[in-house]
Amino acid sequence: TTTIYVTHDQIEAMTMADRIVVMHDGIIEQIGTPLELYDSPRNLFVAGFIGSPAMNFLKGAAKSDGSIDVGGTRLPVAGKHSVSDGQNVVYGIRPEHLELAQDGFPAKIAVVEPTGSETMVVVRMGEEEVVALFRERHQFAPGQTVHLRPRVEQVHLFDSQSGQRV
């Protein structure tokens with residue numbers, strides 16, 4: 001039996017649906033399985049709507065070396081993207097795709113939220129606020145500086161003007 005179920009609750013949609021139609025202002029933004037939408041969002045709207053906690057969005061500029069400059073911090077990307085040097089982009093990374101690493105960017109912990117099975121950490125990277133999610137146990141404390149590295153294969157790049165994936 002085919003059933004159409006309308007909800008604004010993305011967790012409910014992710015757990016119940018075989019396929020999801022994400023709409024914004026009456027326009028279909030993307031159609032796919034829950035994991036297709038999660039892993040390969042077509043645009044900023046879908047990327048921000050699917051996933052809890054939400055994807056981090058960092059405004060930056062593409063560099064000729066293939067990195068993205070976010071407020072003076074160079075963040076890595078994997079593979080080829082159709083961006084030009086200096087192009088304004090939005091660097092998307094989900095909280096669970098950040099990991100502790102000595103070669104990562106420095107971030108100062110603002111908030112620590114342990115939930116038992118996970119710990120959500122809100123950090124400041126320069127002027128940007130970033131959320132990281134860890135399933136391992138760590139002794140985090142507000143004011144502490146940690147070094148975070150994005151898993152480059154999980155990075156999403158979006159054009160800052162159109163909001164479309166690049």
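The values are calculated or read from the model by the stated rules, or taken from the named source; none is laboratory data. Predicted model only: the values in this text are computed from it and were never measured. Every residue, glycine among them, receives a Cβ derived from its backbone with ideal geometry; neighbour counts consider all protein chains shown. Please note that ligands, DNA and RNA were not included when accessible areas were found on the heavy atoms of the full protein model with its side chains. Shrake-Rupley method; radii C 1.70, N 1.55, O 1.52, S 1.80 Å.
V89's amide H: which non-local residues (gap 5+, or another chain) put their own amide H closer than 5 Å, with H modeled 1.01 Å from N in plane and none for Pro or chain starts?
Excluding prolines and chain starts, which carry no amide H, the hits are G60, A61, A62, S160.
Considering every Cα-Cα pair within the range 1-64, what fraction, in whole percent, is farther apart than 20 Å?
Counting every Cα pair in the range 1-64, those more than 20 Å apart make up 29 percent.
Rounded to the nearest 0.05, what FRET efficiency do S117 and A54 give with R0 = 22 Å and r taken as the Cβ-Cβ distance? Could you check? Intermediate values should be presented prior to the final figure.
Values: r = 19 Å, r/R0 = 0.87.
After rounding, the FRET efficiency stands at 0.70.
Which entry in (1) 123; (2) 176; (3) 132 is this structure's computed volume of the Cα convex hull per residue in Å³?
(3)
Starting at the first residue of the range 145-154, write each ³J(HN,Hα) from the Karplus equation 6.51 cos²θ - 1.76 cosθ + 1.60 with θ = phi - 60°, in whole Hz, x for Gly and Pro.
Values, residue by residue: 9, 10, 10, 10, 10, x, 6, 4, 5, 9 Hz.
For K63, what accessible surface area do you get with a 1.4 Å probe? Give it in Å², rounded to 10.
In the full protein context, K63 sits at about 70 Å².
Taking a label point 7 Å from the Cα of S64 along the Cα→Cβ vector, which residues of the range 84-111 have an amide N closer than 17 Å to it?
Residues 84-88 fall inside that zone.
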